[in-house]
Amino acid sequence: MNEIIQTILVFIALGLAVSFMIKKFSWKKPKTKKAFSDAHDCDKCH
Amino acid sequence: MSKQINVALIGNPNTGKTSVFNALTGLNQKVGNYPGITVEKKEGICKLPRGVKAHIIDLPGTYSLNASSLDENVVIELLLNKNDKDFPDVAVVVSDVENLKRNLLLFTQIKDLEIPAILVINMADRMRYKGISLDIPHLEEQLNTKIALVSTRKKNGIVELKELISNYKDLSTTPCMNASEIDREYFDNLRKAFPNQLLYKLWLVITQDVNFGKTDRNEIDAVANFKTKTKADLKRLQQKETIKRYQFINNTLKKGQTIDLNTAKDLRIKLDRILTHKVWGYVIFFVILLTIFQAIYDWSSVPMDFIDSSFVSLSEWTKNGLPEGAFTSLLAEGIIPGLGGIVIFIPQIAFLFLFISVLEESGYMSRVVFLMDRGMRRFGLSGKSIVPLISGTACAIPAIMATRNIENWKERLITILVTPFTTCSARLPVYLIIISLVIPEGRFLGLGYQAMTLMLLYLIGFGAALVSAMILNKILKIKSKTFFVVEMPNYKLPLFKNVVLTVIEKTKAFVFGAGKIILAISIILWFLASYGPGDDFNKAEEIISTEYANQNLTEDEVNEHVASYKLEHSFLGITGRAIEPAIRPLGYDWKIGIALVSSFAAREVFVGTLATIYSVGSDDEETIKNRMAGEVNPILGGPLFTFASGISLLLFYAFAMQCMSTLAIVQRETNSWKWPILQLVIMSGFAYLIALIAFQLLK
Ligand SMILES: Nc1nc2c(ncn2[C@@H]2O[C@H](COP(=O)(O)OP(=O)(O)OP(=O)(O)O)[C@@H](O)[C@H]2O)c(=O)[nH]1
Ligand SMILES: [Mg+2]
């Protein structure tokens, strides 16, 4: 039982990680930032 | 009334617009002591007396409304377009009390656009040192405006400024100068052709198209009965306008401002004489650099070791404390070591940002610009290019955006293309860890070899930028001319709050930005390293036990062999060994190969990637540094990180274009894929070549 839960958690984490990377590096044109969001100049560096 | 007041902060570069913006809105936008910090429009909200709200817009600095660079153009386009949602109800023109005369030029122009304008005279705290006194009522009368004498540093005058903004309806919109004085006949014709338009605005539209060829405005030419002048004539008229304006300003200041030279303490001249000296200037710069790198090493080794071992304990604790299973090992072997590979660099990164920020705020950075200006021209760059090159030590992305204040397109393009050679903070982790593995700890004349190597790497990056600029300057066939004078800001004692804020902001951005990526990457890597296809992976235990059957290994040793055998045959191991032939000539094994590939997402994940891979592939807990030191070269035996492979890796990172975000920004700023792709291919190809030569020579 425990093992199944652990495996499910692993796959959830994996799914999140992969979708994060895809979202991060799918080339969309960066919009001009507003100071309302506390976006920092260096936010896109990483 | 529910409508917000639109307030635009306009002014010459480096007069403190962003400081005023921060004081009004409570936000923390980047402030720095050299011109050209703000290159984009930034917005915020300010609460005014009597419940009124103001929408504040911080703009890039501009010397006049006759713009010639991209960032200045932002301001003009806003002021010329009444339909823009940000069109100001009131313009707050920020000036610097020490450069009032030059600053007022812009003010009179804005006044002539008949936009209600408030004049902020900032840096009032400096008046005492410079022996400046002002006759404010006289100035208000002459300029037909309200003046707020402000010091954002001492927090004086902000309340008064808010009061003035909320009463903006009382401001007079009478122009300072009659535009037709520039050329009566021409302006008479203009008035006849466009009877309903404001003359000075028309004039700006026309000259703007002359100065700045990208405005797509042909309406003026389209009116048949109006003959516009030749470009040369228009330029001449612009000069005439400037002269007229200065006459007016001189007259105004003659009575409005007195400067007592006896009380002025001119530290600046004395300091400049040394800091920009032909020989001493460079010596001092060099010493400052060395001190910085030495300090980064000396001050951060203790916290770094502490963090490194804390992560080991955390990993151990997780493994022992949580129920055994896949997710527990994901945490203990994937995520925690991966994050550790970023977090251990917080001390160094913070120190680096601290030094950069102090150098910027004190005004020293601009002296470096001046010092380099002569040399830079020889390389096809202008003095302005040094600002991106230096701010690139933090990150290439804001640096590339900072090129927007370079008027000349060719120089701007060259600067954009070479800036990624500057050693950005993301390279620092890789450098630090490799240097600590392969360069001995000794000292020469009190300077550590390790610190000197680090400095050398920074210089190599800078040198690569200059040399490639020179080559590009020869190759690129773009016609252009330069006319640039470096503006020297005044020396200032760095404001503690600004420095601390910058350090915290940047370190946070570094850790969280890189942290998110390494988190995702370490999960993916752990998965790929912990699962594999076929019998080799799944029957690893059997294979190892038969292979070592007659060797009497302890249980620990068997486990160790199983773990590394599994890793070799996992999905990750298979991929890694597929790319291994390409990187073996550089002295790397497949694990480094994987780290090289994953650091295309961001360089700083290199160490975290290795930490994750090593931790999956071994059974006991170790600090990152010890693990790397213990790695064995699979072919040659002996340590993997030797002097040869280490230097080769350092050089590879110095030159390779390993940052997707930078490529995306270059694409945006040059509006073409050609440049980022060329950058990627040439930089990385060159890096490979140099790393290859280095390893083959040194091994
Ligand atoms: N002494 C003193 N310095 C100030 C004051 N206000 C701002 N500064 C300093 O002036 C420098 C420039 O400030 P910024 O707010 O970045 O100026 P800016 O006009 O936004 O500059 P750009 O965006 O580059 O056009 C910084 O070093 C500030 O710390 C003040 O009232 N007194
Ligand atoms: Mg600014």
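The values are calculated or read from the model by the stated rules, or taken from the named source; none is laboratory data. Note that the structure is a prediction, hence the values are computed from the model and not measured. Backbone-built Cβ (ideal geometry, glycine too); neighbour counts: all protein chains shown. Only protein heavy atoms, including side chains, enter the accessible area calculation; ligands, DNA and RNA are left aside. Shrake-Rupley method; radii C 1.70, N 1.55, O 1.52, S 1.80 Å.
In terms of overall dimensions, segment B:440-595 has a Cα radius of gyration and Dmax of 26.1, 80 angstrom.
A straight chain from B:Phe444 to B:Asp260 at 0.36 nm per residue would run longer than the Cα-Cα distance by 61.1 nm.
What do the square roots of 5 times the Cα gyration tensor eigenvalues come to for segment B:517-698, in whole Å, largest first, as semi-axes of the equivalent ellipsoid?
Ellipsoid half-lengths, sorted descending, are 34, 19, 14 Å.
Roll a 1.4 angstrom probe over the protein heavy atoms and tell me the percent of accessible area of the protein assembly as shown that is carbon or sulfur.
It is 61 percent, rounded to a whole number.
Measuring with a 1.4 angstrom probe and ignoring ligands and nucleic acids, B:Lys497 comes out at about 120 Å² accessible. Cross-link pairs exceeding 20 Å in C-alpha to C-alpha distance, out of B:Lys155/B:Lys492; B:Lys130/B:Lys384; B:Lys130/B:Lys154; B:Lys154/B:Lys497, comprise B:Lys130/B:Lys384.
Going by accessible surface with a 1.4 Å probe and the largest first, B:Phe286, B:Phe355 read B:Phe286, B:Phe355. Relative to the longest principal axis of the Cα atoms of chain B, the long axis of helix B:364-378 lies at roughly 90 degrees. Checking the cross-link pairs B:Lys508/B:Lys566; A:Lys24/B:Lys41; A:Lys23/B:Lys477; B:Lys235/B:Lys410; B:Lys53/B:Lys254 against a 29 Å limit on the alpha carbon distance flags B:Lys508/B:Lys566; A:Lys23/B:Lys477; B:Lys53/B:Lys254 as lying beyond it. Estimated from helical segments only, the mean residue ellipticity of the protein assembly as shown at 222 nm is -19000 deg cm²/dmol, where each DSSP H run of four or more residues counts as -39500 (n - 2.57). Accessible area per residue for segment B:247-354 is 54 Å², calculated with a 1.4 Å probe on protein heavy atoms, without ligands, DNA or RNA. Note on B:Lys85 and B:Ser672: their simple-model spin labels are 3.3 nm apart, each label 7 Å out from Cα toward Cβ. Under a model in which nothing but the beta-carbon of Lys, Arg (+1) and Asp, Glu (-1) is charged, the protein assembly as shown shows a dipole of about 4260 debye around its Cα centre. Across peptide B:512-520, the mean count of Cβ atoms from other chains lying within 10 Å of each residue's own Cβ comes to 4. Using the Cβ-Cβ distance between A:Phe25 and B:Thr242 with R0 = 60 Å, the FRET efficiency computed as 1/(1 + (r/R0)^6) comes to roughly 0.80.
Put +1 on the Cβ of every Lys and Arg and -1 on every Asp and Glu Cβ in the protein assembly as shown; which of A:Leu14, B:Val503, B:Leu610 then has its Cα farthest towards the positive end of the dipole? It is B:Val503, whose Cα lies furthest towards the positive end.
Figure legend: label point modelled 7 angstrom from the Cα of B:Phe643 along Cα→Cβ; residues of segment B:662-699 with amide N under 11 Å from it are B:698-699. With a Förster radius of 41 Å applied to the beta-carbon distance between B:Lys474 and B:Glu40, the computed FRET efficiency rounds to 0.80.
Simple spin-label estimate for B:Asn251 and B:Gln197 gives 2.8 nm between the two label positions (7 Å along the Cα-to-Cβ direction from each Cα).
Dipole orientation for the protein assembly as shown: of the candidates B:Val368, B:Ser133, B:Ile10, B:Ser133 has the Cα lying most toward the positive pole (charges on Cβ; Lys, Arg +1; Asp, Glu -1). Using 0.36 nm per residue and subtracting the Cα-Cα separation, the extra length available between B:Ile504 and B:Ile579 on full extension is 23.1 nm. For chain B, the relative contact order is 12 percent, taking Cα pairs closer than 8 Å that sit 6 or more residues apart in sequence and dividing their mean separation by the residue count.
For chain B, which semi-axes, largest first and in whole Å, follow from the square roots of 5 times the eigenvalues of its Cα gyration tensor?
Details: eigenvalues 653, 135, 125 Å².
With the √(5λ) rule applied to chain B, the semi-axes are 57, 26, 25 Å.
For the A and B pair, go ahead and give the buried accessible area with a 1.4 Å probe, both sides summed, in Å² to 100. By this definition, chains A and B bury close to 3200 Å².
Accessible area, 1.4 Å probe, largest first: how do B:Thr174, B:Thr38 sort?
Details: B:Thr174 70, B:Thr38 20 Å².
From most exposed to least exposed: B:Thr174, B:Thr38.
For the protein assembly as shown, what is one quarter of the convex hull surface built on the Cα atoms, given in nm²? Before the final figure, lay out each step's value.
Details: hull surface 154.0 nm².
Reported value for the Cα convex hull: 38.5 nm².
Hey, how many Å between the Cα centroid of segment B:665-693 and the Cα centroid of segment B:229-291? So the separation of the two Cα centres works out to 39 Å. In this view, the solvent-accessible surface of B:Ser329, computed with a 1.4 Å probe and all protein chains in place, comes to about 30 Å².
Compute the Rg to Rh ratio over segment B:1-145 from the alpha carbon atoms, using the Kirkwood formula for Rh, and round to two decimal places. Kindly include the intermediate steps, with their values, before the conclusion.
Working: Rg = 14.8 Å, Rh = 15.6 Å.
That ratio is 0.95, to two decimals.
Among the cysteines of chain B, those with no neighbouring cysteine Cβ under 4.7 Å are B:Cys46, B:Cys176, B:Cys424, B:Cys659. Farthest towards the positive end of the charge dipole of the protein assembly as shown, among the residues B:Tyr200, B:Ile471, B:Ile57, is the Cα of B:Tyr200, using unit charges on the Cβ of Lys, Arg, Asp and Glu. Here the relative contact order of segment B:284-389, from alpha carbon pairs under 8 Å that lie six or more residues apart, stands at 25 percent.
Less than 14 Å Cβ to Cβ from B:Phe641, Lys/Arg counted +1 and Asp/Glu -1: what total charge do the surrounding residues give? Walk me through the numbers before you get to the answer.
Numbers: positive: B:Lys591, B:Lys625, B:Arg627, B:Lys699; negative: B:Asp589, B:Glu631.
Taking every other residue near B:Phe641 into account, the sum is +2.
Ranking B:Tyr531, B:Tyr548, B:Tyr458 from most to least accessible surface, computed with a 1.4 Å probe over the protein chains only, gives B:Tyr531, B:Tyr548, B:Tyr458. Distance between the pseudo-spin-label points of B:Arg128 and B:Glu324 (7 Å out from Cα toward the beta carbon): 7.2 nm. Below 14 angstrom from the Cβ of A:Val10, what's the summed charge of the other residues (Lys, Arg +1; Asp, Glu -1)? In short, -3.
Buried on complex formation within segment B:630-670 (loss of at least 30 square angstrom of accessible surface versus the isolated chain, 1.4 Å probe, ligands and nucleic acids ignored): B:Met660, B:Ser661, B:Arg668.
In percent, what relative contact order does segment B:517-698 have, based on Cα pairs under 8 Å that are 6 or more apart in sequence? Walk me through the intermediate numbers first.
Numbers: 210 pairs, mean separation 39.4, N = 182.
After rounding, I find 22 percent.
Counting only heavy atoms of the protein chains and using a 1.4 Å probe, A:Phe11 has close to 110 Å² of accessible surface.
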